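Structure first, commentary second.
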Amino acid sequence: MASPNRNARSAVVLGRLLGIAFLVCFGTGIYSHLLQEPLGWMRFPTRPTQLYQFTQGLHITTGIAIIPLLLAKLNTVMPALVQVPPVRGVLHLLERVSIAVLVSASILQVGTGLLNTYQWYPWPFPFRQVHNAMAYVIIGSLVVHVAAKLPVIARYWRKRDSYDEHGRFIADPASGSELLPPAQEARVQSAAPAPAAPTAGPTARGLTGRLFRWIDGTDAAAAGGGSRPTGRHAVPEARVGSEEPTTDGPEADTAEASRASRPVPEVAQGRRERIARRGFFAGVTAAAVGVVALTAGQSSKLAEPFNVFGARGRGLGANGLPVNRTARAAGVLATATAADWTLTVVGRDVTQTFVRAELVALGTAQADLPISCVEGWSQMASWKGVRMRDLLRAVQAEPGSHVRVTSLERHGGYRIMDMGPEYAEDPTTLVALELNGATLDLDHGFPARIIAPGRPGVLQTKWIEKIEVLR
């Protein structure tokens, strides 16, 4: 518990990284949620066409990077989490509650988010709604936590204010940090510096503190500022028969203090602490970079060769594209392959039905657009089909119309999809009939599906049967 890594400066550094990561996840997550459940007045950009591929890939990748950062932060602040007594007053109680909410919500959020990338849901609640709500809980508790710890953050924000010239941590009781050993005094730079108090020892008292001191090999005197250090900080007694006389009392304490404050031990101690801190942060960096590099290939072509743990492999599946929901799982094997399938397009005054050959006769266009799923995987593909705006013109829809698309599925939260005019009028929004130079595979939405720029894959409705003009 007295590791050199467990200090306020380490907590501030890891807190900064976690704060940035949570804000990135919050912003990209809210964007994804609003794309799926927009307010009536909202309009979204359709360019660049790979916008959602970038934002959702960043969301998932950053969320995965949070896992090692969060574990490192919990490791760093462990002495404060298990301090005795756990609560020292009303304000301290409120602070502890906010920390408990932040930690538990963060663990739940990143844990369920990671399982969602593999489409595994071993819980009874709806993932998307809970994931969205928990994001606000995390950000709210994070704001409270930052406000409570602002003096500590300001004190240890800069590295040069956190360590002395030997690389030893400067413990400043005035900062209010709970990661300081008992009776620890700040080191003050002066012409005649006072001997530094021992840095070993946790903040916990009572039975918990004794246990930690036993783990660290430090007795109560060494941790609490007693006059006779023992354990690994002990100074051996003078041997009987030696030429050096055995002394006791204040003179001995003064001699030992003078010996302990010599420059060489301070430099050696600072070097050991610096090496320990660098090793710890190197391990955290390696873990964060590792999990990102080994999963980012599911959404980034550059990282594709290193995609060891990503939920989907690029280029695999029917039409050279992965599949999330199959035709069998959607229950459309019979209806999607029926000989009498037609696409119904309903305008305000005109309704038309099209068989597949009639759709082709309207004229087809080709567009290179990514399929970007909320679970984090994305892949660029070449699509060919009828422009949505051409179908809307066929039923005399007015410019700026909203559109509703209905799938052959009879169940599922995305069976019906609404599309704003920014997508309906975009020249790359297609009722796709072909994918990567071949007829659309049944699992990819045969006989026809929607593909539009900058939208989540769940909104690229497959096995469509009806398109309606709403207003």
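The values are calculated or read from the model by the stated rules, or taken from the named source; none is laboratory data. Computed from a predicted structure; not experimentally measured. Here the Cβ positions follow ideal geometry from the backbone for every residue, glycine too, while neighbour counts run over all protein chains shown. Note: areas computed on protein heavy atoms with side chains; ligands, DNA, RNA excluded. Shrake-Rupley method; radii C 1.70, N 1.55, O 1.52, S 1.80 Å.
Table for the structure above
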item	result
Residue list for segment 95-104, restricted to those being free of Cβ contacts under 8 Å to residues at least 12 places away in the same chain and either within 19 Å of ASN7 (Cα to Cα) or more than 19 Å from the chain's Cα centre (by Cα) (or both)	ARG96, VAL97
Hits in segment 125-178 - residues which are touching a residue at least 40 places away in the same chain (Cβ under 8 Å), closer than 30 Å to CYS373 by Cα and polar (S, T, N, Q)	ASN132, SER141
Boolean, ARG88 is closer than 28 Å to ALA424 by Cβ, open to solvent by 60 Å² or more (accessible area, probe 1.4 Å) and either of a type outside the set (S, T, N, Q) or outside any loop (DSSP other than H, G, I, E, B) (or both)	no
Conditions (1) farther than 23 Å from HIS92 by Cα; (2) outside any helix (DSSP H, G or I); (3) touching a Phe, Trp or Tyr at 6+ places or on another chain (Cβ under 8 Å): number failed by SER177	(1)
Residue within segment 66-85 that is surrounded by fewer than 18 Cβ atoms within 10 Å (Cβ to Cβ), among the charged types (D, E, K, R) and over 25 Å from THR429 (Cβ atoms) present	no
Of all residues in segment 412-429 being among the small types (Gly, Ala, Ser) and under 20 Å from THR46 (Cβ atoms), the one that is surrounded by the most Cβ atoms within 10 Å (Cβ to Cβ)	ALA424
Some residue of segment 306-314 being touching a Pro at 6+ places or on another chain (Cβ under 8 Å) and modelled with pLDDT of 90 or more	no
Residue within segment 22-37 that is closer than 16 Å to THR285 by Cα, free of Cβ contacts under 8 Å to residues at least 24 places away in the same chain and open to solvent by 30 Å² or more (accessible area, probe 1.4 Å) present	no
Tally of residues being open to solvent by less than 70 Å² (accessible area, probe 1.4 Å) and hydroxyl-bearing (Ser, Thr, Tyr) across segment 110-127	2
Exclusive hit being of a type in the set (Lys, Arg) and free of Cβ contacts under 8 Å to residues at least 40 places away in the same chain, set ARG393, ARG325	ARG393
Filter result (farther than 30 Å from HIS33 by Cβ and crowded, with 18+ Cβ neighbours inside 10 Å) within segment 128-152	VAL152
Residues that are farther than 30 Å from GLN119 by Cα and surrounded by 15 or more Cβ atoms within 10 Å (Cβ to Cβ), drawn from segment 368-393	VAL386, ARG387, MET388, ARG389, ASP390, LEU391, LEU392
Residue list for segment 387-406, restricted to those being of a type in the set (Asp, Glu) and assigned to a helix (DSSP H, G or I)	ASP390
Number of positions in segment 6-21 that are touching a residue at least 24 places away in the same chain (Cβ under 8 Å), assigned to a helix (DSSP H, G or I) and open to solvent by 40 Å² or more (accessible area, probe 1.4 Å)	1
Test: residue in segment 302-315 that is surrounded by 15 or more Cβ atoms within 10 Å (Cβ to Cβ), in contact (Cβ under 8 Å) with a residue 40 or more places away in the chain and part of a helix (DSSP H, G or I)	no
Criterion: surrounded by fewer than 15 Cβ atoms within 10 Å (Cβ to Cβ) and hydrophobic (A, V, I, L, M, F, W, C) - qualifying residue of ALA432, ALA452, ALA357	ALA357
Pick from segment 362-402, criterion of a type in the set (Val, Ile, Thr) and within 12 Å of ILE450 (Cα to Cα), ranking: modelled with the lowest pLDDT	ILE371
Search result, residues across segment 460-471 that are within 36 Å of the chain's Cα centre (by Cα) and either closer than 12 Å to LEU369 by Cβ or open to solvent by less than 10 Å² (accessible area, probe 1.4 Å) (or both)	GLN460, THR461, TRP463, ILE464
Candidates PRO399, PRO447, filtered to the one that is touching a residue at least 60 places away in the same chain (Cβ under 8 Å), over 33 Å from the mean Cα position of the chain (by Cα) and over 25 Å from THR28 (Cα atoms)	PRO447
